[in-house]
Amino acid sequence: MNILGILDEIQKTDADIYDKISPRRHVMKNFYKMGKQLSFAALPLALSSMFTKAYGQGSTTPVNDVLNFALTLEYLEYHFYNHTIVGKDPNSAVKDVTFNFPNPTAQQAITTIRDHELAHVNLLKEALGSNARPALAYTNFDFRAGGTYDANNNYQMGGTFADVYTNYATWLKVATAFEDTGVRAYKGQAPALKGNPVLTTALQIHSVEARHASHLRQMVNAAGIPLKPWITYAANGNDTKVEAANAVYAGEQNTTQAGVEITNIAPGVTQAAAAESFDEFLTKAQVVTIANLFIKPAFKLS
Amino acid sequence: MKSEHSNLTTSEKELGKEGYNRRKFLSALGMSTAGVALLTSSSCQKSGWYKQDQNKDGATLDFKDDFGVLNYAYALEQLEAAFYIQVAANPASGFTAAQKAYFTDVQYHEIAHREFFKKALGAKAIGSLEVDFSTIDFSDAASVLGAAKAFEDLGVAAYNGAGVMLTTDAYLVIAGQIVSVEARHAAWVRDQISNGSFADLNSLTALGANNAGGLDAALTPDKVLPLAAKYIKTKINVINL
């Protein structure tokens, strides 16, 4: 209980110390407060490990590592969508986006999603301050997943998704995989942020990604490829049937939660309903493997 | 431990607010020192959620530990499940076949969530809540969609706002696994009302969303429960929040 003695000592000079570090107070409502809220994430090592213990975290993953990991994923999503939207402007220098959206509503939806991803990038950058990872540019990514590029970063040939910017169906496959990956990635990092006000912000980003995923899946369905807004049961977890995206959905077939079998937990709760009703998480290592497919060699995550 | 308890009691008396904050802080951390257990047990006995007669006294959500948070989620899932069971049983004539099929899906998702919490909580689970959907016209597609949107957006806000209260990794992950499904529902329902409104964060600011930050709704239980109250007949008591 030494820690309580320390906190009581702090309280003598800072009467609000319990308020400031209590996980039930100051639930972060907007990003303007975030810099302040994050101040304890940036505390010197000894003090921050004290708070880690105080919050009973089993994981020692520093908060900044989680946020930088999230920032990388947000850069990936942002640049993918932004290149698309910029490319649809006939006056743009971007000429390789040749597919057409089926209607203006579809393009507007992607613009909305692009704007959210940019907001997430900016929010995480601001929160991390000088601890933020180096910025990633569009040219640091390879959204064809294995394409070759010339010295000026012009696409030459190849890649798993070689036609990502020329074929709307391929583009939708990649976008859906990104959103479903994002949802699973944030979920997996939640325990590392347990009890920390930053967790609330991460959850707020997480559910926005889930809304995006739901809408993109509806766009896939509207394009004539049957897909539900929620991830339904498939033997290998992958209900999109896009084989190259198998890693994104690994484990989504799970129907047992915290030791409770969900299938038939009540009449009508089929295996499909059981798989749909709970999304699954991905570990950081799993997400890194997926993200690296779309990152050029010099910038890959380790 | 004895001396620590007397220290706490002294600080309660002498420091007033500060002592309260310390107690609140400790309980938020799930630290059960003898002193803390004693301080909280007195409030527990008054409401005694583990022995209550729910029909007479209502349901009590005791937020002193993770079980309170899980019961809070259980209460909200009961509400959602009851709503969608009615929607799926007597779908409004205005719904398309695809909409009916997805509402049936959502019904089973919410039943799965409800039954999961009931089973996971076991003897600690609150009883069944009595709902009041008198404000919803189940024969009118727009009325049902509007209510579904309200339930789903509020559900997302509730899980997002309560996550930070959880102290157990497994429960935190489970809450995350459920909230993203609720967000998928919310986006689909919103798109049925107005295609493209799946993540209209500006329309969610009252629930704690922030469009400039790209942040979804998030509300603490003290804000969520009054919004849910009009759909729940059973009295909900809240302690140790």
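Examine the range B:163-183 for a residue that is over 19 Å from B:R114 (Cβ atoms), open to solvent by less than 20 Å² (accessible area, probe 1.4 Å) and touching a His at 6+ places or on another chain (Cβ under 9 Å), and state whether such a residue exists.
No: the range B:163-183 contains no residue that is over 19 Å from B:R114 (Cβ atoms), open to solvent by less than 20 Å² (accessible area, probe 1.4 Å) and touching a His at 6+ places or on another chain (Cβ under 9 Å).
Here is a list of conditions, (1) in contact with a Phe, Trp or Tyr (Cβ under 7 Å, 6 or more places away or on another chain); (2) surrounded by fewer than 16 Cβ atoms within 10 Å (Cβ to Cβ), and A:E261 meets all of them except one; can you say which number that is?
Failed condition: (1).
Checking the conditions here, which among A:G182, A:G195, A:G237 is buried (at least 21 other Cβ atoms within 10 Å of the Cβ) and more than 9 Å from chain B (Cβ to nearest Cβ)?
When all the criteria are applied, what remains is A:G182.
Working carefully through the options B:G208, B:G213, B:G146, find the one that is at positive phi and more than 13 Å from the chain's Cα centre (by Cα).
On the way: B:G213 fails: at positive phi; B:G146 fails: at positive phi.
Only one candidate passes the filter, namely B:G208.
Can you tell me how many residues in the range B:102-115 are facing chain A (nearest Cβ under 7 Å) and either touching a residue at least 24 places away in the same chain (Cβ under 8 Å) or not in a helix (DSSP H, G or I) (or both)?
Qualifying residue count, the range B:102-115: 3.
Is at least one residue of the range B:55-77 basic (K, R), modelled with pLDDT of 50 or more and within 23 Å of A:R217 (Cβ to Cβ)?
No, because not a single residue in the range B:55-77 is basic (K, R), modelled with pLDDT of 50 or more and within 23 Å of A:R217 (Cβ to Cβ).
Conditions (1) charged (D, E, K, R); (2) farther than 30 Å from A:N122 by Cα; (3) within 8 Å of chain A (Cβ to nearest Cβ); (4) in contact with an Asp or Glu (Cβ under 8 Å, 6 or more places away or on another chain), marked per residue:
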{"position": "B:F138", "(1), (2), (3), (4)": "no, yes, no, no"}
{"position": "B:G155", "(1), (2), (3), (4)": "no, no, no, yes"}
{"position": "B:N160", "(1), (2), (3), (4)": "no, no, yes, yes"}
{"position": "B:D169", "(1), (2), (3), (4)": "yes, no, yes, no"}
{"position": "B:N211", "(1), (2), (3), (4)": "no, no, yes, no"}
{"position": "B:I239", "(1), (2), (3), (4)": "no, yes, no, yes"}
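Would you confirm, using the coordinates I've provided, whether B:S203 is in contact with an Asp or Glu (Cβ under 7 Å, 6 or more places away or on another chain) and farther than 30 Å from A:A258 by Cβ?
When the stated conditions are applied, B:S203 does not pass them.
When residues of the range A:106-157 are filtered for being open to solvent by 60 Å² or more (accessible area, probe 1.4 Å) and either touching an Asp or Glu at 6+ places or on another chain (Cβ under 7 Å) or assigned to a loop (DSSP other than H, G, I, E, B) (or both), how many remain?
8
Could we say that A:Q271 is surrounded by fewer than 17 Cβ atoms within 10 Å (Cβ to Cβ), more than 21 Å from A:L203 (Cβ to Cβ), more than 9 Å from chain B (Cβ to nearest Cβ) and more than 18 Å from the chain's Cα centre (by Cα) here?
Numbers: surrounded by fewer than 17 Cβ atoms within 10 Å (Cβ to Cβ): yes; more than 21 Å from A:L203 (Cβ to Cβ): yes; more than 9 Å from chain B (Cβ to nearest Cβ): yes; more than 18 Å from the chain's Cα centre (by Cα): yes.
Judged against the criteria, A:Q271 is a match.
Since B:V224 meets every condition but one in (1) within 11 Å of chain A (Cβ to nearest Cβ); (2) open to solvent by less than 10 Å² (accessible area, probe 1.4 Å); (3) part of a helix (DSSP H, G or I), which condition does it not meet?
Just one mismatch for B:V224, condition (1).
Find all pairs meeting these conditions: Cβ atoms under 7 angstrom apart; at least six residues apart or on different chains; first residue within the range A:150-178 and free of Cβ contacts under 8 Å to residues at least 60 places away in the same chain and within 30 Å of A:F281 (Cβ to Cβ); second residue assigned to a loop (DSSP other than H, G, I, E, B) and basic (K, R).
A:G159/A:R144; A:V164/A:R144
The values are calculated or read from the model by the stated rules, or taken from the named source; none is laboratory data. Note that the structure is predicted; figures quoted are calculated from it, not measured. Glycine also receives a Cβ, built like all others from the backbone with ideal geometry; neighbour counts cover every protein chain displayed. For the accessible areas, the whole protein counts, side chains as well, though only heavy atoms, and no ligand, DNA or RNA atoms are used. Shrake-Rupley method; radii C 1.70, N 1.55, O 1.52, S 1.80 Å.
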